[in-house]
Amino acid sequence: MEDENTPTGGHDQTERARAWASTMDGHSAHLLRTAHRDSHAAIAIAPPVDRGAREGPDGPLPAEGATRAIGAGDRHFAEQPDAFRTCFERDRDRILHATAFRRLAGKTQVFIFPEDHQRSRLTHALEVAQVARAIATSLGLNVPLTEAIALGHDCGHGPGGHASEDALSPYVEGGYDHARWGADVTLAPLNLCSETLDGIRNHSWSRPAPSTPEGEVVSWADRIAYVCHDFEDAEHTGIVAAHELPDLVRERCGTNRREQLGAFIGGVVTASAQCGRIGMDADTADALSAFRSFDYERIYLRPESMDQAARVIDLLRALVDHFTASPTDLPSDALPEPDASGSDVVRLAAVRHVSGMTDRYACRSAMRLLDWEVDRLPAALDFGP
């Protein structure tokens, strides 16, 4: 008989998955598509800032609408300004040095336990930061803020990719959303600026729009990066081939990552500079939507991927249930405060600990604490001694 606190239900499409699917095409606005239905951040209608202007003796001034760094920034706990770095440069640096950021190296992007050069969640964050920087620089926006949001946007992910959200949602009021969790829990000890946290919290297209144009840039950069690099990884493993891409994608954006990134970045820069809002022209956005739909059908929702997702869900729920029932197995720094009590407090401590695990650590924990055999785990490399 199941305990009333035990999550139930199979691995059917979740509310999160439906919300994701609803953002496939973006949202139509005047002359462009936006990432968020309630997108409102405005920038100056002006030509993009080209390389020549940036290399001039005085450098570019921030564009109208760009977020300005002021003093120590708007932080939960007040701090003194740094002598040399802006508040957003400090945010970027704090994220880069954070344990949560380093752990992304051991967390799934698409393929669990990637071999050779397949992406991890860390390399995904780095590629998002590159795409976002390219867009923000060309539009004269605040580049350090853009980089901070991009580098931190996935720090709330659990092991096993997006399946971790389905696994952990039953234990968290309102569900486990990696964007909210990353901003409000994982990165909370860093005391980041409110603009940085807002961009991280709302980078997913199914979330409310970020309050800054830099945050909206990261929303686009995230989608552009994963659509392109997830296809490239799947192509290298023989799952898909370039000639199978939809005609719309091949004709408008090419068949390799360099061509595709150039087309999508250019689509955002040109449309945003012309319209005064962060977005992409409709033709290029249609190609990005078709590309993403292809990735879903051929990569994310293929039977092998769904089987691995189901195994991840079983694994993480088993670990949370174990630590909730046996909190003394939690490491000392994960234990609730001595004066805290109640099953909810213990359960959230278990979720916080499990969500921070790397893929390998979660699997080894199940073998050590739950006596799981290797064949019960997500498909993995050798787990022998």
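In segment 39-66, the qualifying residues are those that are modelled with pLDDT of 85 or more and not assigned by TED's automatic domain parsing to the domain that holds residue 280, and the one that is surrounded by the fewest Cβ atoms within 10 Å (Cβ to Cβ) is 64. The set of residues from segment 222-250 being without any contact (Cβ under 8 Å) to a residue 24 or more places away in the chain and either among the hydrophobic types (A, V, I, L, M, F, W, C) or assigned to a helix (DSSP H, G or I) (or both) comprises 235, 241, 242, 243, 247, 250.
With respect to residue 168, determine if the residue is over 20 Å from residue 17 (Cβ atoms) and either without any contact (Cβ under 8 Å) to a residue 40 or more places away in the chain or touching a helix residue (DSSP H, G or I) at 6+ places or on another chain (Cβ under 7 Å) (or both). Spelling it out, it is not the case that residue 168 is over 20 Å from residue 17 (Cβ atoms) and either without any contact (Cβ under 8 Å) to a residue 40 or more places away in the chain or touching a helix residue (DSSP H, G or I) at 6+ places or on another chain (Cβ under 7 Å) (or both).
In segment 67-95, of all residues being in contact with a Gly (Cβ under 6 Å, 6 or more places away or on another chain) and under 17 Å from residue 136 (Cβ atoms), the one that is modelled with the lowest pLDDT corresponds to 87. In the condition set (1) at pLDDT 95 or above; (2) farther than 22 Å from residue 349 by Cβ, residue 176 is compliant with all but (2). If I go through segment 245-259 residue by residue, how many of them are surrounded by 20 or more Cβ atoms within 10 Å (Cβ to Cβ) and touching an Asp or Glu at 6+ places or on another chain (Cβ under 9 Å)? The qualifying residues number 2.
Each row is one residue, and each column tells you yes or no for (1) of a type outside the set (Phe, Trp, Tyr); (2) modelled with pLDDT under 95; (3) under 24 Å from residue 303 (Cα atoms).
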{"residue": "346", "(1), (2), (3)": "yes, yes, no"}
{"residue": "352", "(1), (2), (3)": "yes, no, no"}
{"residue": "355", "(1), (2), (3)": "yes, no, no"}
{"residue": "376", "(1), (2), (3)": "yes, yes, yes"}
{"residue": "381", "(1), (2), (3)": "yes, yes, yes"}
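Every residue in segment 139-157 that is at pLDDT 95 or above and among the small types (Gly, Ala, Ser), please. Scanning segment 139-157 gives 148, 150, 152, 156. Residues considered: 318, 290, 285. Of these, the only one that is touching a residue at least 12 places away in the same chain (Cβ under 8 Å) and within 19 Å of residue 239 (Cβ to Cβ) is 290.
Here's the yes/no breakdown for (1) surrounded by fewer than 21 Cβ atoms within 10 Å (Cβ to Cβ); (2) in contact with a strand residue (DSSP E or B) (Cβ under 7 Å, 6 or more places away or on another chain); (3) within 22 Å of residue 361 (Cβ to Cβ):
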{"residue": "99", "(1), (2), (3)": "yes, no, yes"}
{"residue": "121", "(1), (2), (3)": "no, yes, yes"}
{"residue": "126", "(1), (2), (3)": "yes, no, yes"}
{"residue": "136", "(1), (2), (3)": "no, no, no"}
{"residue": "144", "(1), (2), (3)": "no, no, no"}
{"residue": "158", "(1), (2), (3)": "no, no, yes"}
{"residue": "165", "(1), (2), (3)": "no, no, yes"}
{"residue": "195", "(1), (2), (3)": "no, no, no"}
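Within segment 154-177, is even one residue within 18 Å of residue 87 (Cα to Cα), part of a helix (DSSP H, G or I) and either outside the structural domain of residue 364 (by TED's automatic domain parsing) or hydrophobic (A, V, I, L, M, F, W, C) (or both)? For segment 154-177, residues within 18 Å of residue 87 (Cα to Cα), part of a helix (DSSP H, G or I) and either outside the structural domain of residue 364 (by TED's automatic domain parsing) or hydrophobic (A, V, I, L, M, F, W, C) (or both): absent. Please tell me if residue 288 is in contact with a strand residue (DSSP E or B) (Cβ under 9 Å, 6 or more places away or on another chain) and either assigned by TED's automatic domain parsing to the domain that holds residue 140 or surrounded by 21 or more Cβ atoms within 10 Å (Cβ to Cβ) (or both). Taking the combined requirement at face value, the residue satisfies it.
The values are calculated or read from the model by the stated rules, or taken from the named source; none is laboratory data. The structure displayed is predicted, hence computed values, not measured ones. Please note: Cβ atoms are built from the backbone with ideal geometry, for glycine as well, and neighbour counts cover all protein chains shown.
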